[in-house]
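Every number in this text was worked out from the coordinates using simple rules, so none of it is lab data. Computed from a predicted structure; not experimentally measured. Here the Cβ positions follow ideal geometry from the backbone for every residue, glycine too, while neighbour counts run over all protein chains shown.
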Amino acid sequence: MPTTKPNPKFAEELSKLNKKLNFMSVINSSANGKSLFSVKDNLCVKGFESRAGSKILSGYIPPFNATAVQRMLDSGYEFVGKTVMDEFGFGSFGTNTDIVAKNPFDETRVAGGSSSGAAVATAVIKNHVAIAESTGGSISNPASFCGVVGFTPTYGTISRYGLIDYANSLDKVGVMGRRAADIRAAFDRIKGADNYDSTCSDSKISSTPTKKLMIIEQLMKGIDSKVLSSFDLLLSKMQGMGYKVEHASLDIIDKAIPAYYIISMAEASTNLAKYDGYKYGEQGKDFTKKYNDFFCDARSSFGIEAKRRIVLGTFVRSASVKDKYYIKALKFRTALTSKLSSILKDSFLISPTMPTVAPKIDEAAGLSLIKAYSMDSLTIPPNLSGLPHISFPCGYANGMPIGAQLISSHFNDYALLDFVESWEKSFKYEFKYNL
Amino acid sequence: MKIGLEVHVALPTKSKLFCACSTDATEPNSSICPICMGFPGSKPMLNRAALDYASNVSRTLGCMPAQMVSFVRKVYFYPDLPKSYQITQLQEPVGVDGSVEISSKKVKIRRIQLEEDPAKIIRESGYTLMDFNRSGIPLLEIVTEPDIASEEELREFLGELRSILYYVGINIEKELKVDLNISLSKARVEVKNVTGIRNLVDAANYEIKRQTELTSKGKEVVQETRSYNEAEVRTESSREKESDEEYGFIFEPDLTSYKLPSSNAKVVLASKVAREYSRKYGAKEKTILELIQFDRESYALMDHAKDKAEMQKIIAVIELLKKYESTGIGNEKFEELLEIAKSGAQINAELIKKVKSGQRVETSSVNLQSIDKEITTMIKNHKELLKEYEKNPKAFNFIVGEVAAKLKANPRDVAIRLRAVLEKGFKD
Ligand SMILES: [Zn+2]
């Protein structure tokens, strides 16, 4: 746990910087700068507005803490604020919401998504870890764009209780930090079985090392040249440290993106069904209306991406096409997981985290849907298969950070943290702010 | 005619299906939490006690034992459904392919499944109230094949099913909620949400009449969903809420798969027991069934019968206990009552009360008088022998034996009377 002397002016300084970079929706004004943790807006913090970046949850003050939040508080960490995100986690740039976080390295660029605020908070606050969440790459992506370490553990190692669901079978609570050691400390405090989450277990987390780094050829298409040269530099350094780099071909991996979007949208469309404007969050006003009309009124508050995913998700699980889409995607997930697991038996998988550096905010807005969804091509496979992965800064191009992503087998999470800790001995991360 | 039923019964667990909220709150909205209210961030946790009940019903109905059970989300939009989806079962239900035997046939059970109850809607004039106490109460849905072919079969089936549920420990005082499928020809008509047995039979009869009339007039019966209007004793066409296409079932990703708990609880089928006892002891099957169909205690008492005569006495005593509404007598006291009955004494409310409270019970006065009379005669004839009766147990027992044999009385009763008479006589 990082500790320093308290700074009485901390909350004030944080608010000032937040006005510039838009990374927090709620700031805990009593936070004074020692052993801090921020919480992604889709994790419930008792007494603080938690709206998962959505207008429809405006004013929702959860009556309970998410398990991960409670365990951080019980361990003596101090809650610093809620970090902004794409609405319900639907996005790769942090732009699908009302508060768009800016990249601390270049304010005209995005911070990534969907845990945009969590990555910026980590990049600007010294003694801090961010509790974030990844469904298809929402930790790796912004960690890479903002030059911090982002760790997504094996599915089911950290309780999801208190997480406002995107896609329950894919959602994983994870941690971002400035050093792997900070992440490890927080991970050790929040992991483990929980009476309130049936999918979370006490499985033993191992630390089995390997000296083999595997690259899947199909994933190296369409990667920006600056990112590639930085990644190649990383590989040669690793070879210098005794690692062997090998290549594998895995044809089916091209289907990971459609399978991911089918499963995640199917689940998301059921999770979003509950927002009807009369129990919590934004309140419907006209109770004289018929339920269907009242319901439709309330749901006009969803952003365009949320509406799109409700419509597509409802379609792929409807009876007449369910086998063709939803069931097929589930079968693909099982097949991919077994293929990846066999590769990971004696090696790590390694790749750049994102195909580019953080795009400009207006560039991101202009991307076609297919292009935007394809930005996740490198982060989706481990997320779809519930595999632990970590993104860490491996270079800089024109002042923008570049991240690499390492994947290990189920429950071998410590091996990833060990790897990055040893990387940090020879590579210094850059930060523009140190609150 | 073909009738199929979907019977919903609430399971008597202490807490709800997916949270720790109590199931027996009365004050509206007093037993609710983030889970059964579907608050963002909450997750369900399966109540294993509900799975135990479901497993026992499954076994009693002779279903194929499920390897694993899992849950799905059934999505529809209605204000009583806090998450806008119901957690229910589809691919791996608690049980499939069971049956309920009635006198004319076996009614096949297609499936039984666990699911959560929605909240209660209370419609007032001009406004609607919601009570979420019911949200998340465990329900067991029992789906039959359309094997029921008459009102008699319907009644018998319901009696049998309720008896089965009773013996598994499910409270049948709460009314059953039933969806009724009924078809006289091709078109299948579904009558949704009929509460209580009387309404169900009335709804079925109404539909039989309505469909028969339509057919006889050469009109076609429309395949549709109808609702039952209790006040007017008729079914009415209702707009179909949702189809399977729109429910869009997906696996419930917040729950895992669960092994169905095994159980060695005794399976009791009251009608089978009645048939067996009737064959064995010659008593009327219907009489026995009426006594034990919804009465665990009477069933346990009958278990003691050794022969035909005793069974008759047992049945007589149980009927008297029922007549005087006396429950919970227990084995020992029942035996005592049975002995009294065997001695020929009249059993009435007062006597039952005495036996239950553990008081000494003298057998009936007519009987006592004849015992006393015989004892007096014997004493006269054996004066010498009885002079020192306290020191001479042989003499005492001799008299008891003689009197008991002669009157076919209970030796214990004779002994009590003899001692009383002798004491009285010597004091005089
Ligand atoms: Zn509850």
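Placing one equal scatterer on every Cα of region B:95-181 and applying the Debye formula, the log10 ratio I(q)/I(0) at q = 0.11, 0.12, 0.15, 0.19 Å⁻¹ is -0.41, -0.48, -0.69, -0.95.
Among the residues of A:159-170, the average count of other protein chain beta-carbon atoms within 10 Å of the residue beta-carbon is 4.
When Rg and the Kirkwood Rh are both derived from Cα coordinates, the Rg/Rh ratio for the protein assembly as shown amounts to 1.17. Short-range pairs are left out: with C-alpha atoms under 8 Å and at least six residues apart, the relative contact order of region B:4-259 is 23 percent. Taking other C-beta atoms within 10 angstrom as a stand-in for reagent exposure, B:Lys16, B:Lys266 fall in the order B:Lys266, B:Lys16, fewest first.
Applying a threshold of 28 Å to the alpha-carbon distances of A:Lys20/A:Lys255; B:Lys313/B:Lys356; B:Lys272/B:Lys354; B:Lys286/B:Lys354 flags A:Lys20/A:Lys255; B:Lys272/B:Lys354; B:Lys286/B:Lys354 as lying beyond it. In region B:368-427, Cα pairs under 8 Å separated by at least six residues give a relative contact order of 36 percent.
The mean count of C-beta atoms from other chains within 10 Å of the C-beta of residues in A:62-74, rounded to a whole number, is 2. Taking chain A as a Gaussian network, where each spring joins two C-alpha atoms under 10 Å apart, which residue of A:Lys46, A:Lys279, A:Lys102 fluctuates the most? Answer for the Gaussian network model of chain A: A:Lys279.
For the protein assembly as shown, the dipole from Cβ point charges (+1 on Lys and Arg, -1 on Asp and Glu) about the Cα centre works out to 1100 debye, to the nearest 20. Which lysines, if any, have their Cα less than 29 Å from the Cα of A:Lys237, not counting same-chain residues under 8 positions apart? Counting by Cα, and skipping residues close in sequence, A:Lys237 has these lysines nearby: A:Lys126, A:Lys211, A:Lys212, A:Lys221, A:Lys226, A:Lys339, A:Lys345, A:Lys425, A:Lys428, A:Lys432. Cβ crowding within 10 Å ranks A:Ser342, B:Ser343, A:Ser138 as A:Ser342, B:Ser343, A:Ser138, fewest other Cβ atoms first. Put simply, region A:1-116 fits an ellipsoid with semi-axes of 22, 19, 12 Å; these come from the alpha carbon gyration tensor as the roots of five times its eigenvalues, largest first. Considering only alpha-carbon pairs that sit under 8 angstrom and 6 or more positions apart, the relative contact order computed for chain A is 20 percent.
Take the convex hull of the alpha carbons in region B:4-259; its mean projected area over all directions comes to 14.6 nm². Determine ³J(HN,Hα), in whole Hz, for all residues of region A:137-142 in sequence, where each value follows from phi through the Karplus function 6.51 cos²θ - 1.76 cosθ + 1.60 and θ = phi - 60°; x replaces Gly and Pro. Along region A:137-142, the couplings run x, 5, 9, 4, 4, x Hz. Of the residues B:Ser271, B:Gly358, B:Gly169, the one whose Cα sits farthest towards the positive end of the charge dipole of chain B is B:Gly358 (charges of +1 on Lys and Arg Cβ, -1 on Asp and Glu Cβ, taken about the Cα centre).
About its Cα centre, the dipole of chain B is roughly 1620 debye, where the only charges are +1 on Lys and Arg Cβ and -1 on Asp and Glu Cβ.
With a Cα cut-off of under 24 Å and a minimum spacing of 8 residues unless on different chains, the lysine pairs in region B:368-427 number 29. Listing A:Ser198, A:Ser140 from fewest to most neighbouring C-beta atoms within 10 Å gives A:Ser198, A:Ser140. Largest GNM mean-square fluctuation across A:Asn398, A:Asn271, A:Asn412, computed for chain A with C-alpha springs under 10 Å, falls on A:Asn398.
Rounded to the nearest 20 debye, the dipole size of region A:13-147 about its Cα centre is 220 debye, using +1 on the Cβ of Lys and Arg and -1 on the Cβ of Asp and Glu. Using +1 at the Cβ of each Lys and Arg and -1 at the Cβ of each Asp and Glu in the protein assembly as shown, identify which of B:Asn133, A:Pro381, A:Val26 lies farthest towards the dipole's positive end. It is A:Pro381. Note on region B:270-357: dipole from Cβ charges, positive end direction compared against B:Phe334, B:Asn348, B:Leu291; the farthest Cα belongs to B:Leu291.
Candidate cross-link partners of A:Lys279 among the lysines, defined by an alpha-carbon separation under 21 Å and a same-chain spacing of 8 or more, comprise A:Lys46, A:Lys55, A:Lys289, A:Lys290, A:Lys307, B:Lys16, B:Lys43, B:Lys74, B:Lys83, B:Lys120.
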